[in-house]
Amino acid sequence: MRVLVANPQDDFRVKAYAGTNGVLLAMDLSEPRRKGLLGFAIEKQQGDKPWLFLFNSLTFPAKAHTFPQYHATPSDKAPLQKFRWADYAVNPGTTLHYRVHLAYGTADAPLLGESLELSITSDDGHPANQSVIFNRAVAASQAFQRKFPDLDAQISANKNLPIEAWPGAAAVAGERTAGAIAGLHRAGCGHAVGVGHCDLRVSVAGDHRCRKRGVRARGASARAVPRPA
């Protein structure tokens, strides 16, 4: 789902792209209005929950985070200094409301200016006639780090650990990958399923098991698997 909103002068625009577990917000601001811009402050609301500003893991120099347990500061105090921002704290089939504010002022006293508001609904996780692609982008997000701190710490601590050090890792991962893909295939989520950023051995193991289940797996951005001689 995509939603575009703009102000009457059409010099400030926000477009939202909703997936199953994420919403990408893309901002556009005319050149004359960028002078003195500190960034964007983004509010979010869903269901009966209150409006809250999204967190930013970066803040101004010499400024401590206001939520040190999350290594983050709300974006009204530490504006997001990008023209795009992804919110991964999203559940399938949920209607979300966003307000994107222009932030000016100073690092000591950010001032929120004009804002645009939009509503968008995330995919329910059962798209018709679509392929499904797995990748590790969500695991690299700030939301993942805050929601699963222990798992994130384990991933970070073992990011250079060779797969040989994990007994049966390739076979187990391959079987889980094949099982998930076969389930999606049976649910009608697509005839071809892409799996990205997989270790070579996991890819081979998963592909072998997929073929036994009658499902064709396609590497979205994986390294090439050499053909047998």
Gain on full stretching of the segment that runs from ARG13 to LYS49 - 0.36 nm per residue minus C-alpha separation = 10.4 nm
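Highest mean first, what order results for 154-161, 89-96 on Cβ atoms within 10 Å?
Values: 154-161: 9.9, 89-96: 15.5.
So the order, starting with the most tightly packed, is 89-96, 154-161.
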What net charge do the residues around ASP11 carry, taking every other residue with its C-beta under 11 Å from that of ASP11, with Lys and Arg at +1 and Asp and Glu at -1?
-> -1
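With the Cα gyration tensor of the stretch 13-123 in hand, give its eigenvalues times 5 under a square root as the equivalent ellipsoid semi-axes, listed largest first in whole angstrom.
Values: eigenvalues 107, 62, 25 Å².
Semi-axes (√(5λ), whole Å): 23, 18, 11.
Output the peptides 10-20, 103-113 sorted from most to least packed, where packing is the average of other Cβ atoms within 10 Å over each peptide's residues.
Ranking the peptides 10-20, 103-113 by packing returns 10-20, 103-113.
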Amide H of ASP123: which non-local residues (sequence gap of 5 or more, or other chain) have their own amide H closer than 5 Å, using H built in the peptide plane?
-> GLY19, THR20, GLY93
Inter-site label distance for THR95 and ALA107 at 7 Å from Cα along Cβ, in nm | 4.2
Take each of the peptides 78-84, 46-52, average the number of other beta-carbon atoms within 10 Å over its residues, and list them starting from the highest.
-> 78-84, 46-52
So, for the Cα atoms of the stretch 19-79, Rg and Dmax in Å stand at 13.8, 38
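What does the charge count near ALA89 come to, summing +1 for each Lys or Arg and -1 for each Asp or Glu among other residues with Cβ under 14 Å from its Cβ? Before the final figure, lay out each step's value.
Details: positive: LYS44, LYS49, ARG146, LYS147; negative: GLU43, ASP87.
Within the 14 Å Cβ shell, the charges total +2.
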With a sphere of radius 13 Å drawn around the Cβ of TYR70, what net charge do the other residues whose Cβ falls strictly inside it have (Lys, Arg +1; Asp, Glu -1)?
-> +1
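Each value in this text was obtained by applying a stated rule to the coordinates, not by laboratory testing. Here the structure is a predicted model, which is why all the values come from computation and not from measurement. Here Cβ is always computed from backbone atoms with ideal geometry, including for glycine, and neighbour counts include all displayed protein chains.
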